[in-house]
Every structure is written in structure tokens, then in C-alpha cells.
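The values are calculated or read from the model by the stated rules, or taken from the named source; none is laboratory data. Since this is a predicted model, take the numbers as computed values, not measurements. All Cβ positions, even for glycine, are placed from backbone atoms using ideal geometry, and neighbour counts span all protein chains on display.
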Amino acid sequence: MPKLISIIIPVYNRVEIFEKSLLSAIQQNYENKEIIVVDDGSVEGNVESGIWNVKKNTNVNIIYYRQENKGAPVARNKGFELSKGDYLIFWDADIEAESDMLEKMAKKLDKKQDLSFVYSSFNLGKKKMLAKKFSPIELQKNNYIHTSSLIRREDFPLFDEKLKRFQDWDLWLNMVELGKKGEWIDEYLFTIISTGIISGWLPKFAYKKPWKNLPWWSEKVRNYEKAKKIIVEKHHFDDFQK
């Protein structure tokens, strides 16, 4: 029997998009899996009804938990608390994955016991978001590892619930500081199908003078730099990489 994978899906509103993402999780060809849906106080539609719309006649174990709105890090940690899997994946509620994504990721963790997590590249709509080979030094410069990566349960240190942004980057940095390692699967294994925080992506030159001062994205740049500085100071980087 393959190891149990817990697919943890935090969701806040956007029920139609969530249903597509949930269906993608259900249709993973990896058989030994459970799905934990944490409804973070949604006010649009009915998440629980959405689950039953998608689940229908499938026999996948789905646990539903509703809480008042506390933010994604709290919802993810609650999902972890409710989970039983040997491996975890924090499956964002706006992704659609290739049907063999979990199978490919699990094979890596099964084969290499020194790995704590496995990640891949992904598509942001039509834009390809290329990750890179695991490197603690490069990870200090910027985050290239998406939240929806497969993690070995005993190596997961919880999300920092105080952070408003970059919780995933903080997670990987925490794991690296604990001596944990990851590995990149050089494939595009999922697609983000909606607009969200990541839709605020700007090209690299936008963060440099004089472009960073242009009125149509200066506020995004300021918010990005403020949030990044919090991470840099928390993890005591030698210097603030801009």
C-alpha cells in the first residue's frame, strides 16, 4: 500500500473555482489519499454543497471543516491538525493539476529518504513559471517554490500564522534552517486557474528604478518590498536582496 497523502485545501469564497480545483484533486491517479477542506469563513455560495456537487459517486475520503475567517496560514495549519497522511500537500483552491502530479512527487519522496519536500514548475494562466534546482542560497534571494508542494509529515514545522504575505517562502526557509532539503521536478505539473495574490506578479525590472516609481505599480512594489523586508529580518539574511 502506498503512503497516505493528505491533500489540504484552504478555501475562501470563489466556490466555482474551488470546485474545479477539488475535482482535480479527486481525479489524481494516486489512490491512497484523503482530502481535507478547510472553509475559512466563506461568505460566497456554499463550500459544503460544492464538495457534494463534485464528489458525487467517488469514494475519496473528504473531511470538511468550517472556521471563522482567520487567514490562509491558520486554515492550512488546521488542515494539518485534521490530517493523517504520511505526506502532505497544501493544495491551493485555485489550481488544476496534472492527474499524475502526486504520483510523480510521491515517487521522489519514497525513493530519497533524505528529501523533506518535492516541488515543480507551474503555469500562471498562459505564463510559465519556471522553478529551479534546490539551493538554500538562491532561496534567500527569492522564493521559487510554490505552496502546493509535497511535504514529508514529520518535517513540516507549521506555517507562521502572523505573516500576511510570503508564508510559503517563510515555510521553506524555516525547513532549510532545520537542515531539510527539497528537490525540483523539472515539469509543469499544475496551473493556477484564477486571479489571486499571485496575479500581482510584476516583471523583474518593475522593482528597479525608475520603473518602480511608476504610478500604476508603485504601490504593489512598496507592499512587496515591505513584506520581503519582514522575511529578510526574520531569517537574518546578510543583506536585503532587491
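Within region 135-173, how many residues are within 11 Å of the chain's Cα centre (by Cα) and among the hydroxyl-bearing types (Ser, Thr, Tyr)?
3
Kindly check whether there is at least one residue in region 225-234 that is in a helix (DSSP H, G or I) and modelled with pLDDT under 80.
Yes, region 225-234 has at least one match.
Does Ala93 count as within 16 Å of the chain's Cα centre (by Cα), small (Gly, Ala, Ser) and either outside the structural domain of Arg153 (by TED's automatic domain parsing) or part of a loop (DSSP other than H, G, I, E, B) (or both)?
So Ala93 passes the test.
Between residues in region 152-181 that are on the phi > 0 side of the Ramachandran plot and assigned by TED's automatic domain parsing to the domain that holds Gly79 and residues that are surrounded by 14 or more Cβ atoms within 10 Å (Cβ to Cβ) and among the charged types (D, E, K, R), which pairs lie under 9 Å by C-beta distance while being six or more apart or on different chains?
Leu158/Arg76; Phe166/Lys228
Checking the structure you have, find out if any residue of region 210-220 is touching a Lys or Arg at 6+ places or on another chain (Cβ under 8 Å) and at pLDDT 95 or above.
Looking through region 210-220, none of the residues is touching a Lys or Arg at 6+ places or on another chain (Cβ under 8 Å) and at pLDDT 95 or above.
Which of the following residues is without any contact (Cβ under 8 Å) to a residue 60 or more places away in the chain, of a type in the set (Ser, Thr, Tyr) and surrounded by 15 or more Cβ atoms within 10 Å (Cβ to Cβ): Ser83, Ser24, Ser42?
Residue meeting the stated conditions: Ser42.
Could you list all residues from region 8-47 that are charged (D, E, K, R) and under 18 Å from Lys70 (Cα atoms)?
Here is the first cut: in region 8-47, the ones charged (D, E, K, R) are 14, 16, 19-20, 31, 33-34, 39-40, 44.
Selection gives Arg14, Asp39, Asp40, Glu44.
With Glu187, Glu183 as the choices, which residue is within 16 Å of the chain's Cα centre (by Cα) and at pLDDT 95 or above?
Exactly one residue qualifies, and that residue is Glu183.
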